[in-house]
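Report on the following structure.
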Amino acid sequence: MINMFNRALLIACLMTPMAVMAQVCLVSKGKQQGRIVLVEDNDINRKAATLLQRFVRETSGANLKS
């Protein structure tokens, strides 16, 4: 049981820096810095891209292109 906990803790500690480095800047000073790319063009991905565009526009005022 302790060995399993130690292994889980080690994995969590090793994954933390990766999560921090995965951050990207989509908008800076109200201007687009990123772009939405769909790996597959299907209804679910288009809806997710539309929701992301809306969220970014409402929070920053910038329009992301897809």
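May I ask you to list the aspartates and glutamates whose Cα is less than 15 Å away from that of K29, ignoring any residue fewer than eight positions away on the same chain?
Reachable aspartates and glutamates: E58.
Which far-off residues, 5 or more places away or on another chain, put their amide H under 5 Å from the one on V27, with H placed in the peptide plane?
Those lying under 5 Å, H to H, from V27 are Q33.
Throughout, read-outs are computed from the coordinates displayed, never taken from laboratory work. These figures come from a predicted structure and were not determined experimentally.
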